[in-house]
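First comes the structure, then the notes that go with it.
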Amino acid sequence: MAAKADSAEPFAAKLHFITRPVGRLNAARIRLARGYYLRTPGWVVLTTIGRRTGLPRQTLLPCGRRDGEIVVVSTYGWRSDWIRNLRKNPRVMVTRDGAEVSGIAEVIEDLDRKQIVISENPFVVPPFAIVRAIAFGPLRTVTTAFLRRWVTSRPVIVIQT
């Protein structure tokens, strides 16, 4: 039963067509607020190498961080260009501690391992202090349970920096 849930495409994947037209807006947002995204712990600017073009491609993603690891989840499942890019080439650049550093991305597909990773590195969007304080204070058990269920149909990526 778990294997079937794991292979199902998330509903958000059906909405992936929306990301194409807003791609330029996202790129502009990254350029304008680059200093903020270089420093903030709840976001990462992920640079992959285009699987067809070989050119660098950037995307802004919410993340969890812990001891040289950055954890991200593909909301759109396997339809996201960045996940397709890093499946072909796992070498990436990420923002950490105010700088861009290189890393190696590992795509985790095993359901048990995904749930362990997300339990150890839970994160929420947006990364506002009050939201995080509530989500990981009195609601930590509920937040973690939600995230464990949410990742069943999505790839979890661990980036070692």
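What follows is calculated from the coordinates using simple rules that are stated; it is not laboratory data. Given the structure is predicted, the values throughout are model-derived calculations rather than measurements. Cβ placement follows ideal geometry from the backbone for every residue including glycine, while neighbour counts extend to all protein chains displayed.
Output ³J(HN,Hα) for the stretch 149-161: one whole-Hz value per residue in order, computed from phi by the Karplus curve 6.51 cos²θ - 1.76 cosθ + 1.60 with θ = phi - 60°, and x for Gly and Pro.
My calculation for the stretch 149-161 gives 6, 4, 7, 4, 9, 10, x, 9, 10, 10, 10, 8, 10 Hz in order.
From the backbone phi of the stretch 136-145, what are the Karplus-calculated ³J(HN,Hα) couplings (6.51 cos²θ - 1.76 cosθ + 1.60, θ = phi - 60°) in whole Hz, Gly and Pro given as x?
For the stretch 136-145, the Karplus curve yields 10, x, x, 9, 4, 4, 5, 4, 5, 4 Hz.
Please turn the phi angles of the stretch 60-72 into ³J(HN,Hα) values with the Karplus equation 6.51 cos²θ - 1.76 cosθ + 1.60 (θ = phi - 60°), one per residue in order, whole Hz, x for glycine and proline.
9, 9, x, 8, x, 10, 6, 6, x, 10, 10, 10, 10
Among 104, 30, 130, which comes first, second and so on when ranked by fewest other beta-carbon atoms within 10 Å? Walk me through the numbers on the way to the answer.
On the way: 104 12, 30 16, 130 7.
Starting with the residue having the fewest Cβ neighbours, the order is 130, 104, 30.
Determine the relative contact order of the stretch 45-133: mean sequence separation of Cα pairs under 8 Å and six or more apart, normalised by residue count, in whole percent. Display every interim value, and only then the final one.
Working: 103 pairs, mean separation 24.8, N = 89.
It rounds to 28 percent for the stretch 45-133.
Using modelled amide H (1.01 Å from N, peptide plane; none on Pro or chain starts), what sits under 5 Å from the amide H of residue 108, excluding residues fewer than 5 places away?
Placed amide hydrogens put 156, 157, 158 under 5 Å from residue 108.
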